[in-house]
Amino acid sequence: MASHLPPKPTPQHSTTTAGGMAESGHARPRGLMRWLLTTNHKEIGTLYLLFSLTMFFIGGIFALVVRAELFQPGLQLVQPEFFNQMTTMHGLIMVFGAIMPAFVGLANWMVPLQIGAPDMALPRLNNFSFWLLPVAFLLLLSTLLMPGGGPNFGWTFYAPLSTTYAPPSTSFFILSLHLAGISSILGAINIIATILNLRAPGMRMMDMPLFVWTWLITAFLLIAVMPVLAGVITMMLMDINFGTSFFNAAGGGDPVLFQHLFWFFGHPEVYIMILPAFGIVSAIIPTFSRKRLFGYASMVYATAAIAILSFMVWAHHMFIVGLPLVAELFFMYTTMLIAVPTGVKVFNWVATMFRGSISFEPPMLFALAFVVQFTVGGFSGLMLAIAPADFQYHDTYFVVAHFHYVLVPGALFAILAGAYYWLPKWTGHYPSVRLSQWHFWLSVIGVNLTFFPMHFSGLAGMPRRIPDYALQFADFNLVSSLGGFLFGASQLLFVLVIIKCVRGGEKAPAKAWEGAEDLEWSVPSPAPLHTFETPPTFQPREH
Amino acid sequence: MRRLLVWMAVGVMLSALTPIALANGWNMPVGVTALSRDIYSLHMIIFWICVVIGVIVFGAMFYSLFRYRHSRGAKAATFHEHTSVEVIWTAIPLLILVAMAVPATATLKTMYDASEADLDVMVTGQQWRWRYDYLGEDVAFTSNLSTSREQISGTSEKGENYLLEVDEPLVLPVGQKVRLLLTSDDVIHSWWVPDLAVKQDAVPGFVNENWVRIDEPGIYRGQCAELCGRNHGFMPVVVEAVEPERFEEWMAKRKEAAQQEAMSADREWSLEELMARGEQTYGAVCAACHQPDGGGSPPAFPALAGNQALLEEPERHINVVIDGVAGSAMPAFRNTLSPVEIAAVVTYERNAWGNDAGDTVQPSEIAERLAAQGE
Amino acid sequence: MWQAIKSVLAAFLGVQKDERRREDFRSERPGTFIVAGVIVGAAFVLLVAFVAMMAAR
């Protein structure tokens with residue numbers, strides 16, 4: 001395989017690959033320009049992470065507006081129009097602005113360090129793909145101030161509610177999603193190029209840490225589905241502005257076509273948001289179990305299997321839209337099958353802990369909570385896969401509970417686990433243990449108080465996306481709202497942890513965690529701006 | 001001693017929670033049709049499968065966390081692979097899923113068999129009400145939320161069926177197979193009644209099929225399940241299931257009322273009569289978008305109060321109500337409202353909230369116009 | 001080719017022996033595996049579709 005690829009970087013030309021401003025002989029730009037022009041993977045990684053943290057709080061405030069309105073029955077704080085904008089913006093911001101950029105940020109920081117590369121393969125492209133994001137999301141947020149308000153049709157923006165019946169700002173929403181999509185595609189290309197070309201000499205594909213593997217597969221998923229999203233929003237744009245009727249039944253179009261296209265993008269998208277999380281957890285659990293990951297090859301294969309299956313299950317989001325019986329059965333079967341490789345992953349994590357030597361540092365706490373809570377989300381996913389039962393679950397709070405379990409105590413906890421795991425490498429200091437434990441326990445309690453009662457309110461009959469509800473759902477919503485505010489407030493502790501950690505704290509050695517094995521732990525903590533300018537010699541572990 | 005107290009406290013809490021859990025509807029309703037019971041049992045089977053797997057997996061995990069703690073001096077083993085174990089834990093879930101797929105397939109096939117129905121009802125979603133059309137019976141009506149605005153805004157006490165009550169429920173006979181044909185006039189809606197285990201999207205331009213055979217008389221409540229715009233949360237579904245004899249009586253009464261309404265279109269109506277009827281219709285149909293005070297919410301929904309174009313062009317005003325405005329959220333009311341209602345609501349809009357057109361639109365005019373268009 | 005298909009099937013299940021895996025990755029050409037992957041993927045879709053059609057009858 002290697003013979004077909006460009007030569008691995010050697011010290012002679014690693015300066016051009018690293019590409020950074022610091023290497024070019026000019027004076028380093030300072031202040032704002034330094035961040036605007038940086039091509040360094042660590043600085044861009046930091047930018048991504050800070051951006052996603054900001055978006056996480058903005059999206060979180062929107063969620064709290066929703067939870068505050070749902071605190072008790074009746075309309076108290078906001079009107080239904082604004083409520084719908086809040087639910088929509090919360091979803092869009094969290095998916096495209098918080099979770100995805102956070103994973104890209106972690107990839108920027110950690111993929112080169114984990115494979116022994118001096119930088120990303122395409123540093124200038126890297127800068128461009130980051131700076132598209134603030135533009136895209138400022139545009140998206142600005143729609144809230146436009147006449148008629150921002151997007152109010154849910155993050156899934158089903159036509160014709162998002163076309164014929166949409167507010168005038170929808171074209172701006174489409175443009176901002178296009179920009180975010182371009183950013184994702186460019187980021188994915190960069191990650192693939194880096195992983196395939198810049199591995200340290202001697203590191204074969206099957207020697208790569210699982211975070212690198214999951215990101216490689218995620219990047220291929222991104223390249224495969226982002227153009228589909230771009231296509232479907234362009235069709236919306238045409239319907240809105242140029243008189244076409246792709247999704248307009250009155251003109252011979254088909255509103256259900258929209259859903260097929262959207263979910264052909266949307267289902268792989270949910271795996272885009274969870275596969276890198278698998279990678280992070282697969283790094284942390286072995287480290288703190290002081291034992292190698294159980295079934296490394298199975299994990300890689302299961303990731304690939306999940307990725308491929310994710311293209312064959314999209315219509316399980318559409319069980320009640322009026323599909324023919326054969327289609328219902330097909331998608332029910334494939335959806336049930338995707339549970340198998342996902343189960344393999346959970347079993348492997350548990351087997352990794354079995355007969356290990358386990359300690360409970362903050363990253364491990366978050367990783368363990370991820371395993372349990374993600375599995376709970378997986379269980380409700382399995383229930384939703386049963387098509388006849390989905391006729392009752394569909395579009396209720398049961399679904400809301402399901403995907404929040406996968407995304408918040410799932411993907412988000414994995415990101416937090418990764419942040420705690422790598423903070424010593426980024427800052428050179430350990431995060432405060434006491435504060436992190438407070439953050440962890442308040443988050444766990446808050447997140448479960450918020451989302452567990454949603455299972456009950458959904459089963460009892462509460463539809464999604466309603467600003468006001470019947471009286472029998474009042475108790476569940478009260479608990480969810482209290483939990484939501486607890487969870488939101490406890491994330492401020494995370495900011496405090498980061499600030500304290502950047503400023504000081506217990507010094508971390510190069511190998512910050514006793515059981516950590518990957519290449520990133522061979523460079524000093526904090527990692528200097530330029531690492532691996534001379535490729536390390538990689539020693540594959542005895543298999 | 002302390003441990004005993006903790007366990008007692010847990011026991012008391014659990015025993016207190018169980019009756020609450022059973023009484024307060026924490027679970028999917030069993031429902032009142034054979035299908036809803038099938039779905040409920042599928043739901044419980046898959047739920048218990050998940051519980052068993054969860055107990056095993058989390059049990060193994062927490063055992064490991066407890067038993068192999070670093071702080072207890074545990075030494076890590078070095079194994080990292082075991083092909084036969086991996087094959088076993090891949091195969092077992094696979095078998096469980098296959099076993100689960102069999103009853104699920106059978107139930108799904110029953111759900112999809114809407115043939116040989118005793119009664120056909122067309123269900124049309126409109127922003128934000130349901131229209132029911134008893135096919136072949138010449139009986140049709142719309143069903144609107146009947147909870148008052150005061151209850152929603154909190155200025156009056158919320159009733160028992162807050163947000164789950166309508167002015168006219170869908171009346172169905174028990175014991176008969178009723179086929180539901182669902183479609184929509186504007187965006188996608190979803191017709192859902194949990195007790196009947198029927199949830200089906202109503203898609204504009206397409207007709208979906210579902211069916212229900214209700215076992216017990218009673219009133220069953222549900223809601224629109226697909227986000228359909230501003231008043232998505234205010235679009236309930238109420239089904240009243242009655243004995244077949246009572247259903248026949250009800251149907252006869254409905255037909256008579258429909259005839260009278262048609263007859264009354266012929267006579268001359270006074271301004272007061274039209275205003276009174278118009279206020280009623282406006283409140284049920286128009287106020288959701290154009291607001292009870294006619295203020296609208298621009299730019300999507302223009303104001304009617306003080307709207308000069310509306311006052312100066314009565315012809316266009318009538319056309320907009322009858323035909324809607326293409327490419328906007330304004331629907332055509334040709335088939336939704338009777339000539340009397342259209343005439344009344346147009347008259348009301350021209351003479352309410354300080355609008356002073358002073359003219360009336362007669363139901364007979366509208367009826368003629370509709371008849372002319374129909375040819 | 002048969003070896004490649006077997007490896008791809010193992011990947012679909014998510015389980016593979018270490019020796020087999022190492023043997024696979026000794027091969028210099030990923031092309032065989034990509035072709036095998038596409039074949040097995042298509043066969044999988046057809047199989048599930050066939051089962052669904054049989055079940056729907």
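Could you please find all residues in the stretch B:211-265 being within 14 Å of chain A (Cβ to nearest Cβ) and assigned to a helix (DSSP H, G or I)? B:His232, B:Gly233, B:Phe234, listed by residue number.
Return a yes/no flag: does the stretch A:343-356 have any residue that is under 22 Å from B:Ala101 (Cα atoms) and in a helix (DSSP H, G or I). Scanning the stretch A:343-356 turns up at least one residue that is under 22 Å from B:Ala101 (Cα atoms) and in a helix (DSSP H, G or I). When B:Ala140 is tested against (1) modelled with pLDDT of 90 or more; (2) part of a strand (DSSP E or B), just one condition goes unmet, and that condition is (1). Taking A:Ser129 as meeting all but one of (1) within 27 Å of A:Val256 (Cβ to Cβ); (2) in a helix (DSSP H, G or I); (3) touching a Gly at 6+ places or on another chain (Cβ under 9 Å), write down the number of the exception. The number of the failed condition is (1).
Take B:Leu310 and decide whether it is away from every other protein chain (no Cβ under 14 Å), assigned to a helix (DSSP H, G or I) and buried (at least 16 other Cβ atoms within 10 Å of the Cβ). The answer is yes for B:Leu310.
More than 8 Å from chain B (Cβ to nearest Cβ), modelled with pLDDT of 95 or more, surrounded by fewer than 24 Cβ atoms within 10 Å (Cβ to Cβ) and within 30 Å of B:Ser190 (Cα to Cα): does that describe A:Leu365? No, not satisfied. Would you check if there is a residue in the stretch A:289-312 being away from chain C (no Cβ under 11 Å) and part of a helix (DSSP H, G or I)? Looking through the stretch A:289-312, at least one residue is away from chain C (no Cβ under 11 Å) and part of a helix (DSSP H, G or I).
Scanning the stretch B:68-88 turns up no residue that is more than 10 Å from chain A (Cβ to nearest Cβ), in a loop (DSSP other than H, G, I, E, B), over 18 Å from A:Val371 (Cβ atoms) and at pLDDT 80 or above.
Taking the condition assigned to a helix (DSSP H, G or I) and closer than 27 Å to B:Ile188 by Cα, does B:Val345 pass? Considered against the rule, which asks whether it is assigned to a helix (DSSP H, G or I) and closer than 27 Å to B:Ile188 by Cα, B:Val345 comes out as yes. For A:Phe258, are the conditions met, namely being part of a helix (DSSP H, G or I), more than 14 Å from chain C (Cβ to nearest Cβ) and buried (at least 24 other Cβ atoms within 10 Å of the Cβ)? It is true that A:Phe258 is part of a helix (DSSP H, G or I), more than 14 Å from chain C (Cβ to nearest Cβ) and buried (at least 24 other Cβ atoms within 10 Å of the Cβ).
Of all the listed residues (A:Ala339, A:Ala315), the sole one being more than 9 Å from every other protein chain (Cβ to nearest Cβ), part of a helix (DSSP H, G or I) and in contact (Cβ under 8 Å) with a residue 12 or more places away in the chain is A:Ala315.
State whether one or more residues within the stretch B:219-238 are in contact (Cβ under 8 Å) with a residue 12 or more places away in the chain and surrounded by fewer than 18 Cβ atoms within 10 Å (Cβ to Cβ). Among the residues of the stretch B:219-238, at least one is in contact (Cβ under 8 Å) with a residue 12 or more places away in the chain and surrounded by fewer than 18 Cβ atoms within 10 Å (Cβ to Cβ), which makes the answer yes. Of all residues in the stretch A:421-428, none satisfies being crowded, with 22+ Cβ neighbours inside 10 Å and assigned to a loop (DSSP other than H, G, I, E, B).
Is it true that some residue in the stretch A:495-512 is assigned to a helix (DSSP H, G or I), over 29 Å from the mean Cα position of the chain (by Cα) and buried (at least 22 other Cβ atoms within 10 Å of the Cβ)? There is no residue in the stretch A:495-512 that is assigned to a helix (DSSP H, G or I), over 29 Å from the mean Cα position of the chain (by Cα) and buried (at least 22 other Cβ atoms within 10 Å of the Cβ). Filter the stretch B:172-209 for residues that are closer than 22 Å to B:Glu243 by Cβ and surrounded by 20 or more Cβ atoms within 10 Å (Cβ to Cβ) and give the result. Those that are closer than 22 Å to B:Glu243 by Cβ and surrounded by 20 or more Cβ atoms within 10 Å (Cβ to Cβ): B:Leu172, B:Pro173, B:Val178, B:Leu180, B:Val193, B:Asp195, B:Leu196, B:Ala197, B:Val198. So, B:Arg129, is that one among the basic types (Lys, Arg) and within 22 Å of B:Gln223 (Cα to Cα) or not? Answer is yes for this residue. Annotation for the stretch B:143-158: at least one member residue is within 14 Å of another protein chain (Cβ to nearest Cβ), under 25 Å from B:Arg230 (Cβ atoms) and either aromatic (Phe, Trp, Tyr) or assigned to a strand (DSSP E or B) (or both).
The single residue among B:Gly136, B:Gly159 that is on the phi < 0 side of the Ramachandran plot and within 32 Å of the chain's Cα centre (by Cα) turns out to be B:Gly159.
Condition first: among the small types (Gly, Ala, Ser), part of a loop (DSSP other than H, G, I, E, B) and at the interface with chain B (Cβ under 9 Å from one of its Cβ atoms). Now tell me which residues in the stretch A:430-476 satisfy that. Within the stretch A:430-476, A:Gly461, A:Ala470 meet the criteria. Candidates are the residues of the stretch B:91-111 that are surrounded by 19 or more Cβ atoms within 10 Å (Cβ to Cβ) and without any contact (Cβ under 8 Å) to a residue 24 or more places away in the chain; the one that is farthest from the chain's Cα centre (by Cα) is B:Leu97. Among the residues of the stretch B:186-200, is there at least one that is of a type in the set (Gly, Ala, Ser), part of a strand (DSSP E or B) and more than 9 Å from every other protein chain (Cβ to nearest Cβ)? No, the conditions are met nowhere in the stretch B:186-200. Taking into account only those residues within the stretch A:142-161 that are out of contact with any helix residue (DSSP H, G or I) (no Cβ under 6 Å at 6 or more places or on another chain) and buried (at least 22 other Cβ atoms within 10 Å of the Cβ), which is nearest to the other protein chains (Cβ to nearest Cβ)? For the stretch A:142-161, the residue satisfying everything is A:Leu161.
The values are calculated or read from the model by the stated rules, or taken from the named source; none is laboratory data. Everything numeric here is computed off the predicted structure, so don't read it as measured data. Methodologically, a virtual Cβ is constructed for each residue, glycine included, from the backbone with ideal geometry; neighbour enumeration extends over all protein chains shown.
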